[in-house]
Amino acid sequence: MGEVGQVELLHDRRGWGVDVLMRDGAVRRYRYGSEAQARYFAAVFALGPRVLPPVTAVRRKRTRRAA
């Protein structure tokens, strides 16, 4: 696991998230249900933990198309 290079807090129409940019160029994205959760984990990631939690695949809602 590479070292944490930069941590970015994100807010968009879907909610809150954190991008963790690794020194080796990899990007890990995490989504959270509230601003408080996202800020907490952004602070934890900024401390540079040796192991990051796994990234889970995001399930996207299927929209019905008019036939």
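The values are calculated or read from the model by the stated rules, or taken from the named source; none is laboratory data. From a predicted model like this one, the values you see are computed outputs, not experimental measurements. Using ideal geometry, Cβ is built from the backbone for each residue, glycine included, and neighbour counts are taken over all protein chains shown. Keep in mind that these areas ignore ligands, DNA and RNA; they rest on the heavy atoms of the full protein, side chains included. Shrake-Rupley method; radii C 1.70, N 1.55, O 1.52, S 1.80 Å.
Ordered by solvent-accessible area of protein heavy atoms (1.4 Å probe), largest first, the residues Val51, Val18, Val44, Val4 come out as Val51, Val44, Val4, Val18. Computed from label points 7 Å out along Cα-Cβ, the spacing between Leu21 and Leu52 is 1.2 nm.
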